[in-house]
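No lab work stands behind these numbers, since they all come straight from the coordinates. Please read all numbers here as calculations on a predicted model, not as lab measurements. Cβ sites come from the backbone with ideal geometry, for glycine too, and all protein chains shown count toward neighbours.
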Amino acid sequence: MWLMGGLKPDHKTIAEFRRRNKAVLKNVLKTCARLCIRLGLIAGNTLFVDGSKVRANASIKNTWTKEKCKRALEKIDTRIEAILSECDAVDEYEESQDSLVKMRKELNNKKVLKAKVETILQELKEENKKSINTTDSECTRISGLQGSHAGYSLQNVVDEKHGLIVNSDVVSENIEDEKTCDTSNYCFFHGPTSQFHWDNRPGTCKTQQLLVTLF
């Protein structure tokens, strides 16, 4: 607060600043890590990788997968066929009746919805994504004790010597265990091979030892 001259930005302002300056902030963290290495504050011999799940400001209902898109398209096509059949049945004697007008309006709405779902499905295929949230495209489905919700996975890498954070990143992946953890994305050390511990449990990380070059 003192450094900012008493300004009190809300969470949206902070999030937008982080999004726009992600590369710069990452370089700042790398520079700090390099300095700590030179000062002997970071040894790089044993690193602990841990993650936290953060809820996104988006509904899980707006998260679409390929399977969900296909199911939705099947239901829409079925309803469109039913509406067309109903329209044919009343066309001759209810040309100006409210029921026909409502059916045609619903038909148009279903066609618009179908186009939207097809666009989402195409994006999933082209970008090879598991899911897309139409409110926040960067979040994913996160599973926790409170059930599933839209969110992010916050990953931190901490050095054993003084407990200093050497890297931190927010990823759009539901990282649960060593099957999905790739510590090479989180570390940038210049030095000897490092031993990694996932969630303080030695021996469970997919990549047990890495030689990561910083310079």
Vicinal HN-Hα couplings computed from phi for segment 143-159 (Karplus, 6.51 cos²θ - 1.76 cosθ + 1.60; Hz; Gly/Pro x)
9, x, 5, 8, x, 9, 8, 6, x, 10, 10, 8, 10, 10, 10, 10, 7
All lysines inside 26 Å of Lys22 as judged from Cα atoms, apart from same-chain residues fewer than 8 positions distant
Lys8, Lys12, Lys30, Lys53, Lys129, Lys130
Got a sec? How would Cys139, Cys87 order by Cβ neighbour count within 10 Å, fewest to most?
Cys87, Cys139
Sum up the charges of everything whose Cβ sits under 13 Å from the Cβ of Arg55, counting Lys and Arg as +1 and Asp and Glu as -1, but leave Arg55 out.
+1
Provide Met4, Met103 in ascending order of the number of other Cβ atoms located within 10 Å of each residue's Cβ, fewest first.
Met4, Met103
Take each of the peptides 156-169, 68-81, 5-18, average the number of other beta-carbon atoms within 10 Å over its residues, and list them starting from the highest.
156-169, 68-81, 5-18
Gap in Å between the Cα centre of segment 127-168 and the Cα centre of segment 26-85?
6 Å
Let me make sure I get this right: for segment 1-84, a, b and c are the square roots of the gyration tensor eigenvalues over alpha carbons, sorted descending. Under 1.5 in a/c it's rounded, otherwise prolate if a/b > b/c, else oblate. Which is it?
prolate
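For a footprinting-style exposure proxy, rank Arg55, Arg19 by other Cβ within 10 Å, fewest first.
Numbers: Arg55 14, Arg19 9.
So the residues, fewest neighbours to most, are Arg19, Arg55.
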